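What follows is one structure encoded as structure tokens, with my remarks underneath.
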Amino acid sequence: MSVIPKIARLSKHVVLPPAIETVFPAAALPGGDVEVRGKHLGPRVSTLPMVSVDGLSARVSMSRDERVCFRVPERASTGLIEVRNADGASNGI
């Protein structure tokens, strides 16, 4: 009788931060809705990503791995859009 040791398989979780590829529309007034497309934009650990415009927090209305929709903050002016989730921060666009 041979004894075969049990080997536990560990899955490796690769952490990839959000990456913004496109924004539609290219410009929007405060209170307007914007859609960002890219990769790794979705929720992590059941928590929605955070979006900021010109450093101001935006309200996220929908989030999937390849897109996120948000409303432009009332006090926002021209500035970078950034998406953050548990895996890190995106490029600014």
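The values are calculated or read from the model by the stated rules, or taken from the named source; none is laboratory data. Everything quoted here is computed from the prediction, not taken from an experiment. Please note: Cβ atoms are built from the backbone with ideal geometry, for glycine as well, and neighbour counts cover all protein chains shown. Surface areas here come from the heavy atoms of the whole protein model, side chains and all, with no ligands, DNA or RNA. Shrake-Rupley method; radii C 1.70, N 1.55, O 1.52, S 1.80 Å.
What the phi angles of region 77-91 give under the Karplus curve with 6.51, -1.76 and 1.60, with θ = phi - 60°, is a coupling list of 10, 4, x, 6, 9, 9, 10, 10, 9, 4, 8, x, 10, 7, 5 Hz, glycine and proline written as x. Across region 57-71, rounded Karplus estimates of 3J(HN,Hα) from the backbone phi angles (6.51 cos²θ - 1.76 cosθ + 1.60, θ = phi - 60°) give 5, 10, 7, 7, 9, 7, 9, 9, 4, 10, 7, 9, 10, 8, 9 Hz, Gly and Pro being marked x.
Peptide packing: for 16-29, 73-86, the average count of neighbouring Cβ atoms within 10 Å per residue gives the ranking 73-86, 16-29, highest mean first.
Note on the chain: with neighbouring protein chains present and a 1.4 Å probe, carbon and sulfur make up 58 percent of its accessible heavy-atom surface.
For P(r) over Cα pairs in 10 Å bins from 0, in percent, the value computed from the atomic coordinates appears in the list (1) 13, 30, 36, 20, 1; (2) 17, 45, 17, 7, 6, 4, 2, 0; (3) 16, 49, 31, 5, 0 under label (2).
Estimated at 0.36 nm per residue, the fully extended path between GLU66 and VAL14 surpasses their Cα-Cα distance by 17.0 nm.
Taking all protein chains as they are arranged and a probe of 1.4 Å, the heavy atoms of SER57 leave approximately 100 Å² accessible to solvent.
With the charge dipole of the chain set up from +1 on Lys and Arg Cβ and -1 on Asp and Glu Cβ about the Cα centre, the Cα lying farthest toward the positive end among the listed residues GLY32, GLY92, LEU16 is that of LEU16.
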